[in-house]
1. Looking at Ala110, Ala89, Ala43, Ala84, which one is touching a residue at least 60 places away in the same chain (Cβ under 8 Å), surrounded by fewer than 17 Cβ atoms within 10 Å (Cβ to Cβ) and among the aliphatic types (A, V, I, L, M)?
2. Return only the number of the condition from (1) part of a loop (DSSP other than H, G, I, E, B); (2) in contact (Cβ under 8 Å) with a residue 24 or more places away in the chain; (3) not charged (D, E, K, R) that Thr441 does not satisfy.
3. Which residues, counting only those in the range 184-198, are among the small types (Gly, Ala, Ser) and surrounded by fewer than 24 Cβ atoms within 10 Å (Cβ to Cβ)?
4. Take the range 410-430 and flag every residue that is closer than 15 Å to Val440 by Cα, in contact (Cβ under 8 Å) with a residue 40 or more places away in the chain and outside any strand (DSSP E or B).
5. Which residue is nearest to Leu421 (Cα to Cα), if the candidates are limited to the range 332-374 and must be out of contact with any Asp or Glu (no Cβ under 9 Å at 6 or more places or on another chain) and hydroxyl-bearing (Ser, Thr, Tyr)?
6. Right, Ser212: touching a strand residue (DSSP E or B) at 6+ places or on another chain (Cβ under 8 Å), surrounded by 22 or more Cβ atoms within 10 Å (Cβ to Cβ), modelled with pLDDT of 95 or more and farther than 17 Å from Ser138 by Cβ or not?
7. Please return the ranges of strands (runs of 3 or more DSSP E) entirely within the range 163-257 where 2 or more residues are under 24 Å from the mean Cα position of the chain (by Cα) and among the aliphatic types (A, V, I, L, M).
Amino acid sequence: MSRLSRRTVVRALGLQVLGTCAGAGLVRGQGAPRAPRPLSAGAVTSDWTTFLGPTHNGVSPETHLSRALPPPLLWDFPKGTGYATPAVAGDTLVFLHRERNEEVVVALHAVRGTRVWQFRYPTAFEDRYGYNNGPRSSPVIDGDRVYTMGAEGRLHCFRLESGALLWSHDLRKDYGVRQDFFGVASTPLIEGALLIVNVGAPDGPSVVAFDSRSGRKVWRAGKEWGPSYASPVPAVIHGKRRVFVFAGGESSPPTGGLISLDPASGKVDFTVPWRSRIVESVNASCPVVFDNKVFISASYRTGSVLLEVRPDFTHRVVWTLRDVGFHFSTPIYHEGHLYGFEGRNEPDAALVCINATTGQVVWREVPEWNESIGGRPQMVGPYRGSLLKVDGQFLCLGELGHLMWLDLSPKGYTERGHTWLFAARESWGLPVLSRGLLYVTQNTRDILKGDSARLRCYDLRA
């Protein structure tokens, strides 16, 4: 059996027409939107109002989900460029993408996929590395309002129902923020009445809190580190609210690390430098908080560290792990272990299990299976995939468009099923789950069907 290198397989998806998919087959687009199945009796559901979901850690409370693959495709929405994922509250979904020279905020009916409103504004952002010129930051919904952040730092607040613009800020003009490697990508955080943003202005502030209703600046914090690609994460530590910002933007020498702060005042508890020595590097994996501890990780030969926050809000290093670095995916904490896809590029990406008490790598595996590519069977896998913990298992989206149900434990991983949703690269966005419906962003052209990039809605109701 022929076997291509992993890099060759990924490159092939961008350059040649694929043959028939072996095994489960590709889910094909459908014309008119389909109605979803009714929710199961007793099903727990939730909104998904921000990046990483309702608990800010890639864990969903939803239950009674179908394991049948492929899931029915209810609707798809042709999207422009960008890596943002949607936010969903009730029947309203908000999505941010780019069409030609405009960034577009669009609200869709979450079940039917029909457009409710849109807001467009010009942009001249260009990705310096040729990946994608669209926005990276996901919308955030808070009650009757929604907030978006464009790739050039254009922050907007809209009324959720109508799309009326309520206030806006241009972070480039207000704080002198430079473009950075890939533009602005950190998703803002709603914390009570505040909207907290990793601004990363030169010479400070690193973090700014705005009044979420008026847009007025409430406090500013930090001055040493620029904006990263990780999003601020809230938590309760020793019974008190805290926000953790994994900062660090383009600078020479490269600087960045973790900021722990009190969201009520903006007072910084402590900072922990954690950044690659390589100038062209990023901090992009979000902090993972559990048991009064914070886990941060970065690629580019940086590694991982677990910090314990003491009751007086000082900290100590519990352990470091230099040979495991999460690039832009955020691992999931589950029953004393961390699970996720580490590695900077697709050839070195792997699924790992880390003992959160000791920092020991319990196992490191590279999931692979056969698909027909160019008429020949080849080995492929999820590469730099993303994980969503839900309904007693893990749902995995691979960067080539594969969807998998997994059982993960310290004993290893067991695949419970997989399918190929679409043959498209750069499927990096964590899937969004709300009321039994799964929303997946296809960020490049589907080579088999020729479909352009799309936002897709699948029915996972049992």
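The values are calculated or read from the model by the stated rules, or taken from the named source; none is laboratory data. If you're wondering where the values come from, they're calculated on a predicted model, not measured in any experiment. Glycine gets a Cβ as well: all are built from the backbone with ideal geometry, and neighbour counts include every protein chain shown.
1. Numbers: Ala110 fails: surrounded by fewer than 17 Cβ atoms within 10 Å (Cβ to Cβ); Ala89 fails: surrounded by fewer than 17 Cβ atoms within 10 Å (Cβ to Cβ); Ala84 fails: surrounded by fewer than 17 Cβ atoms within 10 Å (Cβ to Cβ).
Going through Ala110, Ala89, Ala43, Ala84 in turn, just one is touching a residue at least 60 places away in the same chain (Cβ under 8 Å), surrounded by fewer than 17 Cβ atoms within 10 Å (Cβ to Cβ) and among the aliphatic types (A, V, I, L, M): Ala43.
2. (1)
3. Gly192, Ala193
4. Leu421, Phe422, Ala423, Ala424, Arg425, Glu426, Trp428, Gly429, Leu430
5. Ser372
6. On the way: touching a strand residue (DSSP E or B) at 6+ places or on another chain (Cβ under 8 Å): yes; surrounded by 22 or more Cβ atoms within 10 Å (Cβ to Cβ): yes; modelled with pLDDT of 95 or more: yes; farther than 17 Å from Ser138 by Cβ: no.
When the stated conditions are applied, Ser212 does not pass them.
7. Per the criteria, 189-191, 194-197, 207-211, 233-237, 240-247.
Every residue, every condition in (1) touching a His at 6+ places or on another chain (Cβ under 6 Å); (2) farther than 18 Å from Trp363 by Cα; (3) crowded, with 23+ Cβ neighbours inside 10 Å; (4) of a type outside the set (Ser, Thr, Tyr), yes or no:
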site	(1), (2), (3), (4)
Tyr300	no, yes, no, no
Glu308	no, yes, no, yes
Asp312	no, yes, no, yes
His315	no, yes, no, yes
Trp319	no, no, no, yes
Asp323	no, no, no, yes
Ile332	no, no, no, yes
Gly340	no, no, yes, yes
Ala350	no, no, no, yes
